[in-house]
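Below is one structure, written out as structure tokens; the observations come after it.
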Ligand SMILES: O=C(O)CCC(=O)C(=O)O
Ligand SMILES: [Fe+2]
């Protein structure tokens with residue numbers, strides 16, 4: 001009996017085909033979903049520990065899995081890789097570079113470190129200690145404090161993959177955000193090589209998103225902020241920056257499972273990644289691993305290409321706000337109305 005396709009979030013046609021194929025094969029008693037998923041998880045765990053840095057995890061998994069994985073629904077496959085990448089014993093090893101510190105005031109001799117995990121065209125870098133504790137406190141104050149962040153609505157498009165509190169911070173409500181966002185944008189432009197990132201983020205852009213993972217198990221499962229490698233339309237996001245204002249004592253790391261990267265940030269670090277790639281397997285897919293102990297909160301800024309920003313951002317914001325207004329069942333947590 002095959003019912004493991006329930007809850008799978010593939011494109012409907014692909015999902016139907018994939019699930020039908022799986023059901024047919026399973027009926028023929030040649031395939032056992034649970035067994036094949038367990039094999040996949042084992043292969044992924046081995047690859048996460050042993051594949052050399054830079055090797056795409058998918059290639060290693062394909063070589064090590066005893067059976068074919070092509071028929072598994074994509075979301076199950078992605079989840080297995082992601083779970084393995086979250087349990088990896090240590091973080092990936094980056095190339096480190098030093099640069100003049102842009103947040104050290106008058107002291108021009110101070111340097112800041114940037115860790116390069118992957119070069120363009122889909123770069124991933126971690127700017128160490130980008131935000132000071134004071135800057136993070138200021139962001140939180142604008143959001144009204146951690147206990148007052150609204151929970152993501154269960155009915156929201158991302159409600160099934162994201163378990164966290166979340167709030168949009170609007171520039172026009174909080175003018176003091178502007179200088180900080182300008183610094184984030186400059187860093188993102190520099191490290192993605194994307195001078196197309198729209199500077200109008202400062203005036204009318206997609207709001208900054210504060211997200212808090214306060215309970216054990218809070219997470220953001222595998223997803224793409226952009227188009228997962230498909231040709232981006234004029235309105236799609238092309239880069240992301242995430243400031244880790246608080247990191248969990250255990251868990252809560254960020255992984256790029258397809259690209260075999262595990263980022264273990266410290267407080268104040270900013271992750272920057274770009275994903276304007278076309279026509280090849282995307283390494284953009286990423287996730288926030290479940291928090292195991294302690295709490296984590298982040299500030300995310302998504303970027304689009306110049307010219308696309310105003311309409312797309314407004315549409316996205318309107319959708320987000322409409323969904324967020326819905327009440328939340330909250331998985332046993334207190335129900336709370338959401339204001340946007
Ligand atoms: O919390 C994280 O580590 C990842 C967050 C994320 O993917 C996002 O905000 O788009
Ligand atoms: Fe993301």
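Restricting the stretch 239-269 to residues that are part of a strand (DSSP E or B) and more than 13 Å from the chain's Cα centre (by Cα) leaves a set whose member that is nearest to residue 303 (Cα to Cα) is 245. You will find that of 188, 211, the residue that is within 15 Å of ligand 2 (Cβ to nearest atom), modelled with pLDDT of 80 or more, in a helix (DSSP H, G or I) and assigned by TED's automatic domain parsing to the domain that holds residue 291 is 188 and no other.
Within the stretch 277-289, restricting attention to residues that are in a loop (DSSP other than H, G, I, E, B) and within 15 Å of ligand 2 (Cβ to nearest atom), the residue that is nearest to residue 161 (Cα to Cα) is 289. Residue 75 meets the conditions (1) outside any loop (DSSP other than H, G, I, E, B); (2) surrounded by 13 or more Cβ atoms within 10 Å (Cβ to Cβ); (3) at pLDDT 85 or above in every case but one. The failed one is (3). For the stretch 228-238, filtering for residues that are within 13 Å of ligand 2 (Cβ to nearest atom) and part of a loop (DSSP other than H, G, I, E, B) leaves 1.
The values are calculated or read from the model by the stated rules, or taken from the named source; none is laboratory data. Just so it is clear, the structure is predicted and the values come from calculations on it, not from any experiment. FYI the Cβ positions are ideal-geometry reconstructions off the backbone, even for glycines, and counts take in every protein chain you see.
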